[in-house]
């Protein structure tokens, strides 16, 4: 599968040596589950978009420090491209910011959570099971790092994962769009390093609780491999469905 990554941010330069940029994170994530996967990166943050939706078999939209409500040209272009993918019934998985851009592009709403920052490891319950969610698991743990949340879903969206802090932790729209608030590409160690650099904007008490969630020496192993499998199986299923609809 040729998978396009719509890159919406860069890892802070001070963290590159230890963790690499987003391209390295996604490459590492998917090497665990499919070493033959062909990844293509588009720096949409710089206005670089696929020339046609069929340049890749499916797409993933990354997280970002920006808000989907910011009035930057590339964000509005990304909304437009998201709608193009939706209308073409092309598979898309949105992560964090990407999850929120799916909601906003399709008529939902995103706002800053009144509960503040969501950071560290978050656990979410599986509310609905689909065939692509294999192997099965009742509760999912992932690194999160966000202020914004989806507060209103697009029409027809189905909630798949939920917790008390983030009601719409994962949702699906039709058969080809999937939004995920958590970060399967983030490790516990990266989460800790990022929080250390954001102490000027995240309350100390919030960081302390989040650091505890990462385990001793930041060793907590979130369900990143499982979610990577789920995402790829979902996207492959969208390819089959789209091909079948054309024949």
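The values are calculated or read from the model by the stated rules, or taken from the named source; none is laboratory data. Everything numeric here is computed off the predicted structure, so don't read it as measured data. So basically every Cβ, Gly included, is an ideal-geometry build from the backbone, and we count neighbours across all protein chains shown.
Once the range 102-123 is narrowed to residues that are without any contact (Cβ under 8 Å) to a residue 60 or more places away in the chain and assigned to a helix (DSSP H, G or I), the residue that is farthest from residue 149 (Cα to Cα) is 105.
All conditions but one from (1) within 20 Å of the chain's Cα centre (by Cα); (2) more than 20 Å from residue 63 (Cβ to Cβ) apply to residue 166; the one that does not is (2).
For (1) within 18 Å of the chain's Cα centre (by Cα); (2) over 29 Å from residue 193 (Cα atoms); (3) crowded, with 20+ Cβ neighbours inside 10 Å, each residue gets a yes or a no:
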| site | (1), (2), (3) |
| --- | --- |
| 9 | yes, no, no |
| 15 | no, no, no |
| 23 | yes, no, no |
| 81 | yes, yes, yes |
| 84 | no, yes, no |
| 101 | yes, no, yes |
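Say we look at the range 169-184 and pick out the residues that are crowded, with 24+ Cβ neighbours inside 10 Å and out of contact with any helix residue (DSSP H, G or I) (no Cβ under 7 Å at 6 or more places or on another chain); which of these is farthest from residue 146 (Cα to Cα)? Restricting to residues being crowded, with 24+ Cβ neighbours inside 10 Å and out of contact with any helix residue (DSSP H, G or I) (no Cβ under 7 Å at 6 or more places or on another chain), the top hit is 171.
Output yes when any residue across the range 30-46 is surrounded by 13 or more Cβ atoms within 10 Å (Cβ to Cβ), over 24 Å from residue 227 (Cα atoms) and out of contact with any strand residue (DSSP E or B) (no Cβ under 6 Å at 6 or more places or on another chain), and no when none is. Scanning the range 30-46 turns up at least one residue that is surrounded by 13 or more Cβ atoms within 10 Å (Cβ to Cβ), over 24 Å from residue 227 (Cα atoms) and out of contact with any strand residue (DSSP E or B) (no Cβ under 6 Å at 6 or more places or on another chain). Remark: pairs (first residue in the range 146-172, at positive phi and part of a strand (DSSP E or B); second residue modelled with pLDDT of 95 or more and surrounded by fewer than 20 Cβ atoms within 10 Å (Cβ to Cβ); Cβ separation under 7 Å; 6+ apart in sequence or on different chains) are absent.
Residues in the range 196-226 that are over 30 Å from residue 136 (Cα atoms) and either assigned to a loop (DSSP other than H, G, I, E, B) or touching a strand residue (DSSP E or B) at 6+ places or on another chain (Cβ under 6 Å) (or both): how many?
If we filter the range 196-226 for residues that are over 30 Å from residue 136 (Cα atoms), which is where we start, we get 196-208.
Retained after the next criterion (residues that are either assigned to a loop (DSSP other than H, G, I, E, B) or touching a strand residue (DSSP E or B) at 6+ places or on another chain (Cβ under 6 Å) (or both)): 198-203.
Total satisfying the criteria: 6.
Are any of the residues in the range 228-237 surrounded by 18 or more Cβ atoms within 10 Å (Cβ to Cβ), touching a helix residue (DSSP H, G or I) at 6+ places or on another chain (Cβ under 9 Å), in a loop (DSSP other than H, G, I, E, B) and touching a residue at least 24 places away in the same chain (Cβ under 8 Å)? No: the range 228-237 contains no residue that is surrounded by 18 or more Cβ atoms within 10 Å (Cβ to Cβ), touching a helix residue (DSSP H, G or I) at 6+ places or on another chain (Cβ under 9 Å), in a loop (DSSP other than H, G, I, E, B) and touching a residue at least 24 places away in the same chain (Cβ under 8 Å).
Please verify whether residue 3 is outside any loop (DSSP other than H, G, I, E, B), within 28 Å of residue 198 (Cβ to Cβ) and either touching a residue at least 40 places away in the same chain (Cβ under 8 Å) or touching a helix residue (DSSP H, G or I) at 6+ places or on another chain (Cβ under 9 Å) (or both), treating the condition exactly as stated. The answer is no for residue 3.
How about the range 50-79: which of its residues are closer than 23 Å to residue 168 by Cβ and not in a loop (DSSP other than H, G, I, E, B)? Give the steps one after another, and end with the answer.
Of all residues in the range 50-79, those closer than 23 Å to residue 168 by Cβ come to 58-70, 75-76, 78-79.
If the condition is that a residue be closer than 23 Å to residue 168 by Cβ and not in a loop (DSSP other than H, G, I, E, B), then 58, 59, 60, 61, 75, 76, 78, 79 are the ones that fit.
Is it the case, given these coordinates, that residue 137 is touching a helix residue (DSSP H, G or I) at 6+ places or on another chain (Cβ under 7 Å) and either surrounded by 14 or more Cβ atoms within 10 Å (Cβ to Cβ) or farther than 28 Å from residue 50 by Cα (or both)? So residue 137 passes the test.
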